[in-house]
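Following: one structure in structure tokens, then a few remarks.
Computed from the coordinates by the stated procedures, all read-outs in this text should not be read as laboratory data. Worth saying up front: this structure is predicted, and the values here are computed from it rather than measured. All Cβ positions, glycine included, derive from the backbone under ideal geometry; neighbour counts span all protein chains shown.
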Amino acid sequence: MQNWPGLKNWIKTINFNKTLSLFSSATIKLTLFYVLIVMAISVIFSVSLYDISSNELERGLGRQVGIIRNISRSNSLQPMPDFNQIQLDQLDESNRHLKMNLVYFNLLILFLSSLVSYILAKKTLEPIEEAMNAQNRFTADASHELRTPLTAMRSEIEVALRNKNLSKDEAKKLLSSNLEEIDKLESLSNALLKLACYQDDKNTLTKISLEEIIVNAYEKIETLANQKDISFENELLDLKVKGDKASLTELFVILLENAIKYSPKSSKISISMKKDRDKAVIFVQDQGIGIKASDLPHIFNRFYRADNSRSKEKAEGYGLGLAIAKQIANLHDGSISVESKPGQGSKFTIKLDLFN
Ligand code: ADP
């Protein structure tokens, strides 16, 4: 089957560069916007300050002149002939000083506000940039995964079309191989749909029995477990949680399917639960291949598959199951975590709010 790592990286690079330039220009625009607001306030403030101060100065000088005139009149002194000119010169000089000081003040504000605005704009846009980068990575990964079965189908059909003596058996083989790829596409688009639909909709959370959820999930994977002769050990309690029945069943189906998928034949899977204050804690433990410590931090990421699941006898999957499980746990304000040792098995722990 043809693979497209080059295409995937290419899409990622283009998206990354686009996002980068988009956010650089958005940061500059937002900075300019902030600076404009600060400078408009500063200029209005400076003009008002200038007006008030120069009026005050004029009034102050007027009072001084009045006092001097009164003194000279009462002492029968001749007032200085160019006294008004001196007064005007002094007023001009003071206004010039005031103007210069206000210009310096505004330049300083311009410099400081540019600096602070740039930092603020970057901080404001950072989470949006991160979300957009994650979205771009997801689109690139999803299109890569969707392309892989399509490429396989295309190349098989092209080869068959070139074969002028295609027998009925070969045509049937081709069709059934195409059908397999269609199944993969279908399960991938279902998983993508699930990821999209388990978003923040807490309206459907009601009182539900955990036991019922686990029994429902078990019924869905029973055939798969029987095929591998896997047995179950359950220690279930009568606990009620606040949740959505369909999505919680989906969460346990994902965990049980993985436990079966990554376990050897005739092994055991155990499901147990306990009450911890206002939480229900559920454990799903298997005796399977386990997960390497270096993979553990990533297995809940979308499209992440540990190396062992990509190996020769690789299990089917797209690395979306645990991402969906985590999304469902988040939707319930719950949590999901894992402890695992390669060769010894994995233990998934789910915590959900009890219904009070
Ligand atoms: P998928 O199983 O489709 O690859 P998941 O998101 O369900 O995707 O799981 C991500 C990865 O985590 C798997 O590829 C596998 O490497 C690892 N994993 C999940 N569950 C188990 C398990 N019970 N035992 C061992 N590895 C597991």
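Details
- Quarter of the Cα convex hull surface for region 107-186, i.e. its orientation-mean projected area (nm²): 8.1
- On Cα atoms only, tilt of 83-162 relative to the major axis of the chain in degrees: 10
- To the nearest ten degrees, helix 245-261 and the longest principal axis of the Cα atoms of the chain are 60 degrees apart.
- Measure of compaction for region 174-222 (Cα Rg per 2.2 N^0.38 Å): 1.68
- Residues whose placed amide H lies under 5 Å from that of Ser267, excluding near-sequence neighbours: Ser231
- At full extension, Asn356 and Leu224 could sit 44.0 nm farther apart than now, given 0.36 nm per residue minus the alpha carbon distance.
- 10 Å binning of all Cα-Cα separations within the chain, expressed as whole percents from 0 upward: 4, 16, 18, 15, 12, 8, 6, 6, 5, 5, 3, 1, 0, 0
- Shape annotation for region 264-356: C-alpha extents along the principal axes are 48, 28, 21 Å, from largest to smallest.
- Between 0 and 90 degrees, the angle of helix 321-331 with respect to the longest Cα principal axis of the chain falls at about 50 degrees.
- In Å, descending, principal axis extents of the Cα set of region 134-267: 65, 41, 21
- Cα-centre dipole for the chain with unit charges at Cβ (Lys and Arg positive, Asp and Glu negative), debye to 20: 480
- Length released on extending from Leu161 to Glu130, taking residue separation times 0.36 nm less the Cα-Cα span: 6.6 nm
- Within the chain, longest stretch clear of exposed GluC sites (Glu not before Pro) (DSSP loop, no more than 14 other Cβ within 10 Å): 1-312
- Each of Thr204, Thr151, Thr27 was scored by other Cβ atoms within 10 Å of its Cβ. Arranged with the fewest first, they read Thr204, Thr151, Thr27.
- The number of Lys pairs in region 207-270 with C-alpha atoms less than 23 Å apart, excluding pairs fewer than 8 positions apart on the same chain, is 14.
- Theoretical FRET efficiency, 1/(1+(r/R0)^6), r = Cβ-Cβ of Leu107 and Ile68, R0 35 Å, to 0.05: 0.40
- Taking Cα centre as origin and charging only the Cβ of basic (Lys, Arg, +1) and acidic (Asp, Glu, -1) residues, the dipole magnitude of region 253-356 rounds to 220 debye.
- Based on the reciprocal of the average 1/r between different C-alpha atoms, the Kirkwood radius for region 194-260 equals 13.0 Å.
- Loop sites in region 140-233: trypsin sites (Lys or Arg not before Pro), DSSP, at most 14 other Cβ within 10 Å: Lys164, Lys228
- Under the criterion of Cα pairs below 8 Å and six or more residues apart, the relative contact order for region 161-244 equals 38 percent.
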